[in-house]
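The values are calculated or read from the model by the stated rules, or taken from the named source; none is laboratory data. Fair warning: this is a prediction, and the values are worked out from it, not measured in the lab. Note that we place each Cβ from the backbone using ideal geometry, even for glycine, and neighbour counts take in every protein chain shown.
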Amino acid sequence: MRIISLFPAATEMVCALGAASSLVGISHDSDYPTELLDSGIPRVTRTTLDERAAPAEIDRMVRVADTLGESLHVLDAQAIADLEPDVIITQGICDVCAIREGDVRIIAESLREPPIVLALSANSLEEMFNDIHRVASIIELSPISEVLVDGLEARLSKVHHRLVAATVPRPRVAVLEWTDPIYNAGHWVPQMVRRAGGIEVLAKAGERSRKVTMDELAAANADTIIFAPCGYGVVRAAAEGEMQAKKKEWAWLAHRRTWAVDSGGLFSRPGPRLVDGVETLAEIFHPTVFPRPSRTRAIELHIA
């Protein structure tokens, strides 16, 4: 079977199911498992976004694209046709920040032998697990998905049981998906916070991320602040958090527990590594119950 994945979370699912060898094309931002970086698999998408730009400039470009009804990601239709896929996996969550489902279907229908198009749109951990099963069903690996999902759910249960046994208080938590302007982290992230033993003070599970004011953020009185800019790795997230903390309007942040996380790997993508994200949050929230998180996942910021 020949599979094209246009969505990093889908790429991770296919690989977790043991079908990496069936991938004939992937998105420009598929970077996990790391062996994909040197695999030579064709990249069939590109972005028009300058991902090195400052947060405010990236936000401006996203808003302009949204207003114009345009996407910041572009498909290579000819490359897709040349690869002759049997299955194309895409997403239906965001039409601006990722490949648009409608564009994918138009290209697929134009091919000599139209492939199956599967769009993923998980908004919770449970829906992410269901997406794993959907991918597995399409590529005829359903028995493997049962084992994979059972293992992921067992890891979440282990976190839960350790928290129950320890009877530790739940910290008040604010996860920030963007810094300039400030956005909370919606969709599945509030659920991740709850499963890790925290109380998300800015967002509700299943709701989209939204812009929040500095006054609203400060008034939420979070014990723990998590800098998780969408798509950033942990080092870049830490640098962004430290830079923001130096500004006068962030003075209230002093002496609170403040962390930066690998958002791009563990929070932004609705794939199997969301479970790693829950485990990382539990390690941040409850240091007397869990070991300190790896610096490849989270870095503590010491804000004076």
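Of the residues making up segment 276-304, just one is touching a Phe, Trp or Tyr at 6+ places or on another chain (Cβ under 6 Å), of a type in the set (Asp, Glu) and farther than 25 Å from Lys246 by Cβ, namely Glu283.
Within segment 74-94, the residues that satisfy the criterion of being touching a residue at least 40 places away in the same chain (Cβ under 8 Å) and not β-branched (Val, Ile, Thr) are Leu75, Ala79, Leu83, Glu84, Pro85, Asp86, Gln91.
Looking at segment 98-113, is at least one residue closer than 22 Å to Leu83 by Cα and within 16 Å of the chain's Cα centre (by Cα)? Reasoning before the result, please.
Residues of segment 98-113 closer than 22 Å to Leu83 by Cα: 98-113.
Restricting the remaining residues to those that are within 16 Å of the chain's Cα centre (by Cα) gives 98-99.
Yes, segment 98-113 contains at least one residue that is closer than 22 Å to Leu83 by Cα and within 16 Å of the chain's Cα centre (by Cα).
Of the residues that make up segment 286-304, is at least one part of a helix (DSSP H, G or I) and buried (at least 23 other Cβ atoms within 10 Å of the Cβ)? No, the conditions are met nowhere in segment 286-304.
Taking segment 83-102 as the range and being of a type in the set (A, V, I, L, M, F, W, C) and either exposed (fewer than 15 other Cβ atoms within 10 Å of the Cβ) or out of contact with any Lys or Arg (no Cβ under 8 Å at 6 or more places or on another chain) (or both) as the test, the residues that pass are Ile88, Ile89, Ile93, Cys94, Val96, Cys97, Ala98, Ile99.
Taken as a whole, segment 198-208 holds at least one residue that is among the acidic types (Asp, Glu) and without any contact (Cβ under 8 Å) to a residue 24 or more places away in the chain.
Go through segment 9-113 and tell me which helices (runs of 4 or more DSSP H), entirely inside it, have 1 or more residues that are acidic (Asp, Glu) and in contact with a Ser or Thr (Cβ under 8 Å, 6 or more places away or on another chain).
101-110
Scanning segment 215-228 for residues that are within 16 Å of Tyr183 (Cβ to Cβ), modelled with pLDDT of 95 or more and touching a helix residue (DSSP H, G or I) at 6+ places or on another chain (Cβ under 7 Å) gives Ile225, Phe227, Ala228.
Would you confirm whether any residue within segment 103-125 is within 19 Å of Cys230 (Cβ to Cβ), surrounded by fewer than 16 Cβ atoms within 10 Å (Cβ to Cβ) and assigned by TED's automatic domain parsing to the domain that holds Ala16? Within segment 103-125, one or more residues are within 19 Å of Cys230 (Cβ to Cβ), surrounded by fewer than 16 Cβ atoms within 10 Å (Cβ to Cβ) and assigned by TED's automatic domain parsing to the domain that holds Ala16.
Annotation for segment 147-165: no member residue is in a loop (DSSP other than H, G, I, E, B) and either at pLDDT 95 or above or more than 20 Å from Thr280 (Cα to Cα) (or both).
Give me a count of the residues in segment 47-65 that are among the hydroxyl-bearing types (Ser, Thr, Tyr) and surrounded by 13 or more Cβ atoms within 10 Å (Cβ to Cβ). First the steps, then the outcome.
So in segment 47-65, the residues among the hydroxyl-bearing types (Ser, Thr, Tyr) come out as 47-48.
Right, trim to surrounded by 13 or more Cβ atoms within 10 Å (Cβ to Cβ) and you get 47.
Looking only at that region, the number is 1.
As a summary of the residue check, Pro33 satisfies the conditions (1) touching a residue at least 60 places away in the same chain (Cβ under 8 Å); (2) under 15 Å from the mean Cα position of the chain (by Cα) except for the one numbered (1).
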